[in-house]
1. With respect to Leu265, is the statement that it is surrounded by fewer than 18 Cβ atoms within 10 Å (Cβ to Cβ) and without any contact (Cβ under 8 Å) to a residue 12 or more places away in the chain true?
2. Can you tell me how many residues in segment 286-303 are in a loop (DSSP other than H, G, I, E, B) and hydrophobic (A, V, I, L, M, F, W, C)?
3. Would you point out which residue out of Lys389, Lys409 is open to solvent by 10 Å² or more (accessible area, probe 1.4 Å), within 13 Å of Arg130 (Cα to Cα) and basic (Lys, Arg)?
4. Tell me, please, whether a residue that is open to solvent by 40 Å² or more (accessible area, probe 1.4 Å), in a helix (DSSP H, G or I) and touching a residue at least 60 places away in the same chain (Cβ under 8 Å) can be found in segment 244-257.
5. So how many residues does segment 194-204 have that are open to solvent by less than 30 Å² (accessible area, probe 1.4 Å) and free of Cβ contacts under 8 Å to residues at least 60 places away in the same chain?
6. Can we say Val293 is at pLDDT below 95, crowded, with 21+ Cβ neighbours inside 10 Å and β-branched (Val, Ile, Thr)?
7. Quick one: Ile347 ticks every box in (1) crowded, with 20+ Cβ neighbours inside 10 Å; (2) more than 18 Å from Phe185 (Cα to Cα) bar one, so which box is it?
8. Condition first: open to solvent by less than 20 Å² (accessible area, probe 1.4 Å) and either among the acidic types (Asp, Glu) or closer than 14 Å to Thr21 by Cα (or both). Now tell me which residues in segment 94-105 satisfy that.
Amino acid sequence: MERMLHYVWLHRIFPIGRLCTTDGCSVEVIYPGLHNADAGPDFLNAQVRIDGVLWVGNVEIHLKSSDWYRHHHDKDVNFNSVILHVTSLADCEVLCCNGTKVPQLLLDIPADVRENYDILCGHDRIPRCRAVLGDLPAMSVHSWMSALFVERMEQRVEQIMERWEACDRSWEDAMFVTVARNFGFGLNGSAFETWARHIPMGAVGKHRNDLFQIEAIFFGQAGFLSSDAISSKKNEIADDYYLRLCSEYAYLRCKFSLNPMNPSLWRFLRLRPQNFPHIRIAQLAMMYYEGKVTMSSLMNYGSVDGLYDLLDTRVSEYWQTHYTFNSSATKSSEKKLTVPSRQLLVINSVVPMLFAYGIYKSDDSLRQKAVDLMEQLPPEDNRYIRDWKSAGVICESAADSQALIQLTKNYCLKRDCLRCRFGNEFIRRTPGFMREKE
């Protein structure tokens, strides 16, 4: 497995004794290089002393030498910078496209590394490396979780910058789309983002002082007031609010040339009525009407409690007694967001936006404010966090829980243990230690 050979090279798990090229020249690895996940050689800017001469350049790794030609590196000028080819089977010489012969180092995957990796990947229960977690120094655990948190924030920032570009570089619009996506709370996240991108913020802004007109645009663009739906139900509809909303949307649709999304994208299966898209849209309409979904309002908070108060939205009168259109009236309820829901909105919307805006403005204080906010928030409670807690890894803040979510989704579920620091500790232990513990 080539990835394991990458692992052996990166962590310098070399055999005891003198390293030599296939031509008998001595090899000393000063620096293995920076692992390259993009196109080009596998390790960049490595430093290797070959037969006493220091070389600085790139390193390419294959299970067998002939893979060099199978991947057409002999025709790619980007591989002229390779100073060493690492392989487990030297079945041919390796030449660059300029005719230069590349020195080759034979390197095997140690049996204990292979055995521990097979044991690790053979387990389905997450975390698979629980056998070593209790023995790790607290500093090692904290260091890896800090790196994972930064990694997660960087991914979130990348997503936000893509939204910002799609929103004609409007931070206000990008904020609305980001908040809307997270109003889907997982199941309807993609549908809410699609919906938010169908909302013409310039048009809505002209009617921001009229909640009913905001609701007309919001529900209409969600596909809940489509002409097909109206015509098929005209004979059975006796809901004055719904009919007035349809009429208002028809006017606004013509006025602003609106095109609604496909309503089939919304998911209702196994959703509690409180989480129905209709309720979430009604809550967002009220937040927009009250001026809460703006960059300034969400970023100029005085405290965590102040931010929670800002996100404490409600619904208009009709939705206090309904969960969908044309349904039977229920007991009146303001249908406010729960504290855990508001916490998730802060974690997944406010903090990433604050961090992204700080990068855009080159303002370290904004980025630090985002980090401080995450460290003040309590950890999330979900199955991933509970799995790690059962293995002895305890979260003290939302920053920790976000780190573990990143670890689970991007490493554990993908069985990418070779890039995980916890997985590294497992793989490098004495073979069979896990079976002894069990």
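The values are calculated or read from the model by the stated rules, or taken from the named source; none is laboratory data. Everything numeric in this text was worked out from a predicted model, so none of it was measured. Positions of Cβ are backbone-derived with ideal geometry, glycine not excepted, and every protein chain shown enters the neighbour counts. The area values use the complete protein model at the heavy-atom level, side chains included, leaving out ligands, DNA and RNA. Shrake-Rupley method; radii C 1.70, N 1.55, O 1.52, S 1.80 Å.
1. Details: surrounded by fewer than 18 Cβ atoms within 10 Å (Cβ to Cβ): yes; without any contact (Cβ under 8 Å) to a residue 12 or more places away in the chain: no.
No: the conditions fail for Leu265.
2. Initially, segment 286-303 is screened for residues in a loop (DSSP other than H, G, I, E, B), giving 290-294, 300-303.
Narrowing further to those that are hydrophobic (A, V, I, L, M, F, W, C): 293.
Within segment 286-303, residues that are in a loop (DSSP other than H, G, I, E, B) and hydrophobic (A, V, I, L, M, F, W, C) number 1.
3. Numbers: Lys409 fails: within 13 Å of Arg130 (Cα to Cα).
When all the criteria are applied, what remains is Lys389.
4. no
5. Step one: filter segment 194-204 for residues open to solvent by less than 30 Å² (accessible area, probe 1.4 Å), giving 195-196, 199, 203-204.
Okay, now just the ones that are also free of Cβ contacts under 8 Å to residues at least 60 places away in the same chain, so 196, 199, 203.
Of the residues in that region, 3 qualify.
6. Values: at pLDDT below 95: yes; crowded, with 21+ Cβ neighbours inside 10 Å: yes; β-branched (Val, Ile, Thr): yes.
The answer is yes for Val293.
7. (2)
8. If we filter segment 94-105 for residues that are open to solvent by less than 20 Å² (accessible area, probe 1.4 Å), which is where we start, we get 94, 96, 102, 104-105.
If the condition is that a residue be open to solvent by less than 20 Å² (accessible area, probe 1.4 Å) and either among the acidic types (Asp, Glu) or closer than 14 Å to Thr21 by Cα (or both), then Val94, Val102, Gln104, Leu105 are the ones that fit.
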